[in-house]
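Since the structure comes first, as structure tokens, the remarks are kept for the end.
The values are calculated or read from the model by the stated rules, or taken from the named source; none is laboratory data. The model shown is predicted, which means the values in this text are computed figures rather than measured ones. Methodologically, a virtual Cβ is constructed for each residue, glycine included, from the backbone with ideal geometry; neighbour enumeration extends over all protein chains shown. Calculation scope for accessible area: heavy atoms of the full protein, side chains included, ligands and nucleic acids excluded. Shrake-Rupley method; radii C 1.70, N 1.55, O 1.52, S 1.80 Å.
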Amino acid sequence: MAEFFLPKNSTIKKGKAHNAPSAAAKPKKFKIYRYDPDSGANPRYDTYEIDLASCGPMVLDALIKIKSEQDPTLTFRRSCREGICGSCSMNMNGKNGLACTTAIEDLKGEVRITPLPHMEVIKDLVPDFTHFYAQYNSIEPWLKTKTPTPSGAERLQSPEDRSKLDGLYECILCACCSSSCPSYWWNSDKFLGPAILLQAYRFIVDSRDELTGERLDQLEDPFRLYRCHTIMNCANVCPKGLNPAKAIAETKKLLMERAV
């Protein structure tokens, strides 16, 4: 039997413990991934115990409380606190989601929080989105047309055509879906992933876009599109309730119809 040995600097160490005040009415523990590349130290898990009686209901509220009252060095992204910007995407108890829309009461026992899986970590809970955004830019996410813009008017579309964008335009690029996809884990250098392919389909079906053929040409590749095996992790974790797997399947269908 083959034996594998991990390098010494690959293991996550047990870190510091921060206890709640002794008079805490509703204590709750959060085990949070900590990593500072500038320190040269291994990643670690620090444990924070807070009093939920003096905390908001969401995981993001707990993180803000920890940073404000216990450890100002804790690093994470946040912005809107309304599930709109996608900044606070992370993994909570093994499932990707937005900290601002994930209720603490829905997470049983000690809450384990890590960055989005299989992405480079800048610090603590902050993943590096450089590659993800470069992939988004590669699909040219804007309307592409050949005909002149109507003078003094917008490019109009019927209510029926507009309805085709429902379930697509709502994507906030939080990367919860892509970072939960095994195909993206192993082939992220070539496979665009659920989030980007959903965005690509959003422009393919937009009646105002006039370069549908060119967009399909760019996706017709063994890796860029066809690494999706429809295991549905993307739909299971999307905080907006979208279905990237369906968008990918529809794109494959369009390519098949074009080939007939």
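Here are a few things to note about the model shown:
- Debye-sum result for region 157-230 in log10 I(q)/I(0), which assumes one identical scatterer on each alpha carbon, at q = 0.27 Å⁻¹: -1.22
- Derived scalar couplings between HN and Hα for region 149-158 equal 5, x, 5, x, 9, 8, 7, 8, 9, 6 Hz in order, rounded to whole Hz, by the Karplus curve 6.51 cos²θ - 1.76 cosθ + 1.60 (θ = phi - 60°), x for Gly and Pro.
- Here the Karplus relation 6.51 cos²θ - 1.76 cosθ + 1.60, evaluated at θ = phi - 60°, turns the backbone of region 81-93 into coupling constants of 6, 10, x, 10, 8, x, 5, 8, 5, 6, 9, 10, 6 Hz, with x for every Gly and Pro.
- Per residue, the solvent-accessible area of region 217-260 (1.4 Å probe, heavy atoms of protein chains only, all protein chains present) comes to 59 Å².
- Using θ = phi - 60° and Karplus 6.51 cos²θ - 1.76 cosθ + 1.60, couplings along region 67-73 (whole Hz; Gly, Pro as x): 5, 6, 10, 10, 8, x, 7
- Surface composition of the chain: carbon plus sulfur atoms hold 52% of the accessible area, using a 1.4 angstrom probe and ignoring ligands, DNA and RNA.
- Across all directions, the average projected area of the convex hull around the alpha carbons of the chain is 19.4 nm².
- Taking 1.567 mPa s as the viscosity and 4 °C as the temperature, the Stokes-Einstein diffusion coefficient of region 16-132 based on its alpha-carbon Kirkwood radius rounds to 90 µm²/s.
- Too-long pairs where the Cα-Cα distance tops 30 Å, listed order kept, from K95/K190; K123/K144; K29/K123; K108/K252; K95/K144: K123/K144; K108/K252; K95/K144
- Packing-based ranking, highest mean first, of 199-205, 165-171, 145-151, 123-129 given that Cβ atoms within 10 Å are counted: 199-205, 123-129, 165-171, 145-151
- Protection proxy ranking of 247-258, 33-44, by the mean of other Cβ atoms within 10 Å over each peptide's residues and highest first, is 247-258, 33-44.
- With a Förster radius of 51 Å applied to the C-beta separation of R162 and E120, the computed FRET efficiency comes to 0.85.
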